[in-house]
Structures are given as C-alpha cells and as structure tokens.
Amino acid sequence: MAVKNFIQAIWSKKIQDSLEMKTKLVDYCNRDYEGDCKFAQSVHILGVGDPRTGGYHGEVNYEDMSDVGQILPIDFAEYFAFRVHDIDKAQSVPGLPEKYQEKSSNRLAQRRDINLGRLVAGKCISTIDEETATYTKTSDEDIKVYKDYFIQKQNSEGKEVYERVAKPTKDGILNYYEITDGNYKEGAKNITEASAKTQSAIKTAIDDAFVELNLRNCDFGIRVEIDPATYSTFKNNLVELSTNNPELIRKGVVGMYNNAQVVMSNAIYNDGTNKHCILRTKNAIAFAGQINEVESLRLEGAFADGVRGLDTYGMKIIAQDELQLVKIPA
C-alpha cells in the first residue's frame, strides 16, 4: 500500500476535525440540518413559520403549524494533492506525509473562510459556477491577497478553460486572469458604511450596525468579525478577555465589544475600496461541509506515493435580518 500507515477513514476524520478547529468565520454558522454533503447535490434546511397572535375575545382560533424550508446547494469542491518521493521518505523523519496533510488541511480551512467572507460581500462564486464566469486579463501590477487569479488553458477537447493559480507570483501576473462577472451568491442586504477609516468613524459604524440588528430583534448572540487593519484601529474600544483562554485565542477572539465577541480574521473580503466586516448571529449563515475523499496511491512512472483529498461544501445566507455588513474604507 502506498504511504505507510495510511488509513482512509482515519485521515478523512483527522482532516475534517482539523478544518472544524481552524476555521474562524465558518465556525460561527448554522450547522443544524439534514443531508449528506455530496458535491452537486443539496441539503434541505428546515425552519418553522411565524405563529400568529390574536386578541382574545372569548374564542380561540387555531392555525396549522407550517415550516419554511430552504435548499443549500453543495457547490464548492476544493482539493489537495501531493507526492512523496521514496528518497524523501528514506531521508526524512517519520510522519512526512502527515505533515503535508496538516498543511493541506490548513489551506482548505482558509478557503472555506475566504469564501464565506466573499459570500457576505456578494462576491462569492462556487466552483461549479466558475465554469460559466466571465474572465478578464488582470490589470493588477502586484498580487492582491484578497483575489483569486487564473491561467487560461486548453482541455483535452481543445476548449479554453481557466484554472486557479494555487500560488500567484508577481513574475507571472502578466498571464493571469480574474473573474469580473458571474453567478454570485446572494450577499448581505443590510449594510452600514463607515465615513472614514478612523477609530471614531469605525466605532460609529459598528454602533449603528448594532442598533440596526437590535431594531430587528437581534439582541443576543451577536458576533463582530473584522480584518487585522480594522482591529488595529478599533482595538482601544475593546474590552480585553478576562482570561487567556487558548480556545478563544485559536478561534481569533481578540476581545469584547458591546457584550459581543470580536474576532479578527484575514478572510474578511477586501475589494480594494472597502473591507467588508460582519456583525451576525450564528443562525445568519448556513454551512455544510465534508471531506468526501482522501486516498493514497502509487504513482505511475515515478518512485513516489501520492495522497489526494476532496473537500465539498455549501454555504448560504438564510437569515438576512440577523446579519449586518459594515463597510470600512480600505
């Protein structure tokens, strides 16, 4: 068997557990629904209707219970694949493939969070919809960390396709494309904008966002999610955590504001004009994800083993009233 000590079920579970631990934005999502996370299928999200209330005048009228269902498409597929040469295994300490697996799971976790940040901003395209998106040669002169870049290739049928660049470099930017239009998922409908990127302007915008959520009866379980630059400007307003809880630190919690946890994340979407920070409850966004495949194989034509894994997931805003987007000038 390729790669000593490889057991598919154990590797799949380890990677899935690692993803659950390392995501910050995805960690605070609604995960209570039924279904299996198979790519190009869907999950049914159950909800309940709004009961009526009436004035009592000696008679009670009963209504039937109703449910409100939403469909969550499983339309993201991200993979990792690496080879381990026999000479590498012979000259290295035990556990080299496992170390690569750990780094691969780190990257998959980042991709989940990045796409959730884009979802709130209304700039999220699934891997299924990437095929029909509009691509344009990028005009960037330097790599923008908040963008995906693609290269144009021909498939086996001679058709032009676009493949995401795993590690964009400035040297190759002249050949890169970016998505300029496509089937974007529905983003946040409730938006607050800061007038400037100063401490007072950011505080005013976040305060206004809290007010908007409170007026929609969201006054419990709100979390604030901001990028590192906004945190640096806003941090003097935060109440420090009363304990150095390693679990909270690992989840990116940097303090409290207005009785809400404040989380710092690199996955906050930046379109070059605004950073799209987030206030929300855990019920605002639904997420379903699963490591569908992890397999080991002996590579043909090489003295090496290969390990590859497939992460499939879906995400959707299911409670707009419990989400407020805060645009901070970039």
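Projected onto their three principal axes, the Cα atoms of segment 228-307 cover extents of 60, 36, 27 Å, largest first. With the simple model of a label 7 Å out from the Cα in the direction of the Cβ, Asn106 to Gln41 spans 3.3 nm. Amide H contacts under 5 Å for Ile285: Asn30, Ile318, restricted to partners 5 or more places along the chain or on a different chain, H placed in the peptide plane at 1.01 Å from N.
You can think of it this way: the chain between Gln320 and Thr53 has 93.8 nm of extra reach, that is 0.36 nm per residue less the Cα-Cα gap.
Between Asp181 and Thr204, what FRET efficiency follows from the Cβ-Cβ distance if R0 is 41 Å, with the result rounded to 0.05? Walk me through the numbers on the way to the answer.
Details: r = 34 Å, r/R0 = 0.82.
Once rounded, the FRET efficiency stands at 0.75.
Taking every pair of Cα atoms in segment 179-318, average 1/r, invert it to obtain the Kirkwood radius, and report Rg/Rh to two decimals. Write down the numbers at each step before the final one.
Values: Rg = 19.7 Å, Rh = 18.0 Å.
Rg divided by Rh gives 1.09.
Restricting attention to segment 103-206, which GluC sites (Glu not before Pro) occupy a DSSP loop and are surrounded by at most 16 other Cβ atoms within 10 Å? Mind dumping the intermediate values first?
Details: sites: Glu130, Glu131, Glu141, Glu157, Glu160, Glu163, Glu178, Glu186, Glu193; in loops: Glu141, Glu157, Glu186.
Those that pass, being in a loop and sparsely packed, are Glu141, Glu157, Glu186.
Whole-percent P(r), segment 134-181, all Cα pairs, 5 Å bins from 0: 5, 23, 34, 21, 11, 5, 2.
The modelled label-to-label distance for the pair Ala166/Lys282, using points 7 Å beyond Cα in the direction of Cβ, is 3.6 nm.
Among Arg118, Arg52, Arg250, Arg308, what is the fewest-to-most ranking by other Cβ atoms within 10 Å?
Details: Arg118 23, Arg52 7, Arg250 11, Arg308 15.
If I rank by nearby Cβ atoms, fewest first, I get Arg52, Arg250, Arg308, Arg118.
Considering only Gln261, Gly306, Ile249, the residue lying farthest towards the positive end of the dipole of segment 235-330 is Gln261, judged by Cα position with unit charges set on Cβ. For the pair Asn155 and Ile249, label points projected 7 Å from Cα toward Cβ lie 4.8 nm apart.
Here, each number is a calculation from the coordinates, and none is a lab measurement. Everything numeric in this text was worked out from a predicted model, so none of it was measured. With ideal geometry, Cβ positions are generated from the backbone for all residues, glycine too; neighbour counts draw on all protein chains shown.
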